[in-house]
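Encoded as structure tokens, the structure appears first; notes follow it.
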Amino acid sequence: MSQYYTLLTSLPHLPVLEKSRQLPISRLALESRLSMLCETDCAQLDAIEALYFPNPSVLSGLADREVVQAWKSALLLLESDVLKERIAYQLEIRSLLAALRYREAGGKNPDQFIGFGRWHSFIKNHWFEPFFGMDEFQPQIQKIARYLKENRPGHADKLLDQMLWQDLFYCEKQQGFSFSAVACYVLRWGIVSRYLSADADAALIKFDDVTRHLLMKTTFIDDLNQESANR
């Protein structure tokens, strides 16, 4: 408890994304503060960041089912149920957005989509409905989807980051001086860093990479690409 108190009280305030102009602490300085954590906590934090900010190149060689299974297995290794829930929520949002992109790319068979989380079955059962029938209870995500459809990836990325930042902020404030609070702060720092360095073109490439490599049916995409090449 004492090391978490010392660490958290040493970290500068992270302003809401809309008011962020620069990072209040560099990654190097943040790493220096995080050195107060024990080896187990450091390993947990590394796993948490890898899950929350997935690197498409690391997963590019895996099939969809393997990626989803890798996510599930990695979540099981986390000790904090609170952090598992927050990470799963972020992955669920990305799975939902990937499903929308997959359908708009011509995916007419919901059984070909391999998703993650609580909404997976609901999405497949409402595949042909606008926004999979989720518009009433996920209005913000619907707005993100609309931005993507309008080819405004920068706006979509920013709104998604705002949602995730707020989710982590509320979680952090409920955890007191604990490892979970530290992890939420680090994840919020990562969101701020991404937000400040956002570029519309890079955002589209990044989202498409995550969608393609993490959640879309590889054979389906290959068929689409082959069809386009034959035209």
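For the range 27-102, what class follows from the C-alpha gyration tensor (a ≥ b ≥ c being the square roots of its eigenvalues): rounded when a/c is under 1.5, otherwise prolate if a/b is larger than b/c, else oblate? Could you put the intermediate results ahead of the total?
Numbers: a/c = 2.06, a/b = 1.86, b/c = 1.11.
Because a/c hits 1.5 or more and a/b exceeds b/c, the range 27-102 counts as prolate.
Once you list every other residue whose beta carbon is under 12 Å from the beta carbon of Asp135, what net charge do they have if Lys and Arg are +1 and Asp and Glu are -1?
Local net charge: 0.
For the range 166-173, just list the computed ³J(HN,Hα) in residue order, Karplus coefficients 6.51, -1.76 and 1.60, θ = phi - 60°, integers in Hz, with x standing in for Gly and Pro.
5, 4, 6, 4, 4, 5, 4, 5
For the pair Leu196 and Arg118, what calculated FRET efficiency results from E = 1/(1 + (r/R0)^6), where r is the Cβ-Cβ distance and R0 = 25 Å, to the nearest 0.05? Don't jump to the answer; show the numbers that get you there.
Numbers: r = 31 Å, r/R0 = 1.25.
Efficiency, from the Cβ-Cβ distance: 0.20.
Once you place label points 7 Å from the Cα toward the Cβ at Ala105 and Lys19, how far apart are they in nm?
Roughly 4.0 nm, to one decimal.
Say a paramagnetic label sat at a point 7 Å from the Cα of Leu77, along Cα to Cβ; which residues of the range 14-48 have their backbone N under 20 Å from it?
Hits in the range 14-48 for Leu77 at 20 Å: 37-48.
What's the extension gain from Ala50 to Gln138 if we count 0.36 nm per residue and subtract their Cα-Cα distance? If you can, show how the numbers build up before the last one.
Values: separation 88, 0.36 × 88 = 31.68 nm, distance 2.58 nm.
That works out to 29.1 nm of additional length.
State whether the range 105-204 is rounded, prolate or oblate according to the following rule on the C-alpha gyration tensor (a ≥ b ≥ c being the square roots of its eigenvalues): a/c under 1.5 gives rounded; otherwise a/b larger than b/c gives prolate, and the remaining case gives oblate.
oblate
Give me the Kirkwood hydrodynamic radius of the range 1-153, using the inverse of the mean 1/r over all pairs of distinct Cα atoms, in Å to one decimal.
Details: mean 1/r = 0.0550 Å⁻¹.
After inverting the mean inverse Cα-Cα distance, the result is 18.2 Å.
Determine, from the Cβ-Cβ distance of Met36 and Tyr170 and an R0 of 30 Å, the FRET efficiency 1/(1 + (r/R0)^6), rounded to the nearest 0.05.
Numbers: r = 25 Å, r/R0 = 0.82.
With a Förster radius of 30 Å, E is 0.75.
What whole-number distance in Å separates the alpha-carbon centres of the range 74-88 and the range 135-158?
Centre-to-centre (Cα) distance: 26 Å.
Each value in this text was obtained by applying a stated rule to the coordinates, not by laboratory testing. The shown structure was predicted, so the numbers you read here are calculated from the model rather than taken from an experiment. Here Cβ is always computed from backbone atoms with ideal geometry, including for glycine, and neighbour counts include all displayed protein chains.
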